[in-house]
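Engineer: Below: one structure in C-alpha cells.
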Number of protein chains: 2
Amino acid sequence: MDTKERILRAAMQAFSEKGFNGVSVDEIAKRAGVKKALIYYYFPSKDKIFKEVWDRSLSELEKHLFDEIENEKSYMKKLKGFLKAYIDFVTNRKVISEVINKERASVMSEDKWTDLKERYEGFLSKIASLIDEGKRYNAIYEDIDPMAAANLISGSMVHSEKPGILEKVISVIMRGILKG
Amino acid sequence: MDTKERILRAAMQAFSEKGFNGVSVDEIAKRAGVKKALIYYYFPSKDKIFKEVWDRSLSELEKHLFDEIENEKSYMKKLKGFLKAYIDFVTNRKVISEVINKERASVMSEDKWTDLKERYEGFLSKIASLIDEGKRYNAIYEDIDPMAAANLISGSMVHSEKPGILEKVISVIMRGILKG
DNA sequence: ATTTTTACTTACCGGTTGGTAAATTCTAAT
DNA sequence: ATTAGAATTTACCAACCGGTAAGTAAAAAT
C-alpha cells in the first residue's frame, strides 16, 4: 500500500471516531506513521483530505449497494437486496458508515462543504430512482415522494450497539413504502 | 436576561451552526458579549456548557412534544398531534433541532458523553412508550419494535431546505407503524 | 462607613492548531 | 558516477486552544 493510501485510511479511521473537527492533521500523521509535513506533500489542506474521504466513502457505499442488485430482474428482490446490502454495509463497514453518519449534518448545512453536499445528494438521488422504479412495477405506493424515502432510508442507517435494531427499522420503512 | 443565560444561548447558537468541536470558548464569549474568563466564572468547562445546552435542548423538545398531547383522549389524535408538533418544532426551533442533529452521532458513540447519551436515550424511551401505548389501542402493528420506531422518528426529524419534505417523511413512517 | 460577597476584566499559561520553507534522503534514469 | 526528480524529515511559524491567577469594580450586608 502506498503512502497516500495509508494517509487516507488513517484519516478515514480518525474522522469516523472523532469527526472532522475532532481530529488534527498531526493525529492523522501519527496514525499513518508519517510526519505531518508529508501529508501536505500529498494533500493541499485538511479540508481536501476530508473531501477525498467523503467522496471515497460514498463511492464505496454506492458500489456495495448497487453493484450486486444490478442484474436482478424482480423489483421486489432488487429492493430487498438493496436494503439487505445496506444493513450489511453499516454492520460490517463501520468506519465508512460512521464517517458519513458523523459529518452528514455538518456537510448538509455548512457553506464550506457545498461540494460534499452535492455528492451526498447525488447518492440520495440514486436511491430515489430505485424507489421511483418501484412505482412502475406497482410495488411502491404512488403517493410516496422518492427523495423523502431516500432521505429516510439513508438517515436511518446508523450503527447501533443493540444487534437487530436496524432490521426492525428497515421493516417499518418497508411497510411504509411497499404495497401489500 | 441574566449573564449566564446569555452565555448559554450564545453557546447553543454557536453549537448549532458549527458543532461542539467547531466552536471555541472565545467564540462563545464574543457572541455573548462577555470576556472568556467570565464564562469560566459560570461554567467549569466547555464540556459542561455543552452538557447544559444538550439537556436543555432535549427538555424543551420533550416539553413541546408531550405537553400539548397529554390531555388528548383519542390515541390517533394523540400520535398525529405528536408528529405534527415534532415537525413544527424542527421547522420553527431550528437552533435547538440542529444542536441535537449535529452532535447526535458523537454523543451516541464517544465515551466522554455517556451522560448525554443516557439523556437522549431517555428521550427516545418516551417516544417508544407512546408507540407502545398504540398497541393497546390496536392502532399500531403488534410486531413493531417501539424503540426502533422511536429511533426512526427522532433520527428522521432533520431540517431540510425544501419545505414539505418532513411531512412526506412522516407520512411514510405513519404508514409503516399505523394500522389501516 | 466598612467589610464581604458577587460580577467581571486583564493578563497570562503551556500546548496545539493548520500550514510552510528548506534541507535531506531515496530512487531511477543517464 | 552523476544528475534529476520524487519522497520524506526537520524545524519552524503565528494564531489559536482550553483554562487559570490575580486583580478591579459594583453591589449587598454588616
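The values are calculated or read from the model by the stated rules, or taken from the named source; none is laboratory data. In this text the structure is predicted, and so the values were computed from the model without any measurement. Cβ coordinates were reconstructed from backbone atoms using ideal geometry, including for glycine residues, and neighbour counts include every protein chain displayed.
Engineer: Checking the condition in the same structural domain as A:S154 (by TED's automatic domain parsing), surrounded by 17 or more Cβ atoms within 10 Å (Cβ to Cβ), at negative phi and not polar (S, T, N, Q), which residue from A:K84, A:K78 passes? Break it down stepwise before answering.
Structural biologist: Working: A:K84 fails: surrounded by 17 or more Cβ atoms within 10 Å (Cβ to Cβ).
Checking each option against the conditions leaves just A:K78.
Engineer: Let me ask you something else. Looking at region A:88-180, what helices (runs of 4 or more DSSP H) fall wholly within it and have at least 1 residues that are within 12 Å of the chain's Cα centre (by Cα) and touching a residue at least 60 places away in the same chain (Cβ under 8 Å)?
Structural biologist: A:94-109, A:114-136, A:146-156
Engineer: Looking only at region A:1-52, how many residues end up being polar (S, T, N, Q), more than 11 Å from DNA strand C (Cβ to nearest atom) and under 19 Å from A:L116 (Cβ atoms)?
Structural biologist: The qualifying residues number 2.
Engineer: Quickly run through region A:106-130 and pick out the residues that are buried (at least 20 other Cβ atoms within 10 Å of the Cβ) and facing another protein chain (nearest Cβ under 10 Å).
Structural biologist: Residues satisfying the conditions are A:S106, A:S109.
Engineer: Please work out which residue is nearest to the other protein chains (Cβ to nearest Cβ), limiting yourself to region A:19-57 and to residues that are free of Cβ contacts under 8 Å to residues at least 12 places away in the same chain and more than 14 Å from DNA strand D (Cβ to nearest atom).
Structural biologist: Selected residue: A:S45.
Engineer: Here's another thing I want to ask about it. Does A:V95 satisfy the criteria of being away from DNA strand D (no atom under 14 Å from the Cβ), over 30 Å from A:G134 (Cβ atoms) and assigned by TED's automatic domain parsing to the domain that holds A:I173? Break it down stepwise before answering.
Structural biologist: Values: away from DNA strand D (no atom under 14 Å from the Cβ): yes; over 30 Å from A:G134 (Cβ atoms): yes; assigned by TED's automatic domain parsing to the domain that holds A:I173: yes.
Judged against the criteria, A:V95 is a match.
Engineer: Next question. For region B:153-180, how many residues meet the condition of being facing chain A (nearest Cβ under 8 Å), touching a Lys or Arg at 6+ places or on another chain (Cβ under 9 Å) and within 18 Å of A:L166 (Cβ to Cβ)?
Structural biologist: So the count comes out to 3.
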